Amino acid sequence: MKKVDCLGDICPLPVIKTKKELQSMKSGESIMVVTDHSCSLENLIDLLKNCNVKYDYEEVINGVWEITVTKI
């Protein structure tokens, strides 16, 4: 699984990085997006709701989220 490191990135950079990865993904492939900004998490979830993907996220340590995205 490819990791998209967005630690320290502020919006819209995490959304741009994730969109770029989604465009190159094939069905069944997964990525993990890591962010440490709650506003980025919200914007990424809004993006993923409108894409053909399954996603799940978890706050792995205080203020750091891992979002697992799988293309359907």
Discussion item. Condition first: buried (at least 17 other Cβ atoms within 10 Å of the Cβ) and of a type in the set (Ser, Thr, Tyr). Can you find one or more residues in region 14-27 that meet it?
Written reply: yes
Worksheet, complete the sentence: Given (1) at pLDDT 95 or above; (2) in contact with a helix residue (DSSP H, G or I) (Cβ under 7 Å, 6 or more places away or on another chain); (3) surrounded by fewer than 18 Cβ atoms within 10 Å (Cβ to Cβ), Met32 misses just (2)
Worksheet item: Which is acidic (Asp, Glu), without any contact (Cβ under 8 Å) to a residue 60 or more places away in the chain and in a loop (DSSP other than H, G, I, E, B), of Asp5, Asp9, Asp46?
Response: Asp9
Item to complete: Would you check if Leu41 is aliphatic (A, V, I, L, M) and either under 13 Å from Trp65 (Cβ atoms) or surrounded by fewer than 12 Cβ atoms within 10 Å (Cβ to Cβ) (or both)?
Response: yes
Worksheet item: Residues in region 50-71: is at least one loosely packed, with under 14 Cβ neighbours inside 10 Å, at pLDDT 95 or above and part of a helix (DSSP H, G or I)?
Response: no
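The values are calculated or read from the model by the stated rules, or taken from the named source; none is laboratory data. Just so it is clear, the structure is predicted and the values come from calculations on it, not from any experiment. Note that we place each Cβ from the backbone using ideal geometry, even for glycine, and neighbour counts take in every protein chain shown.
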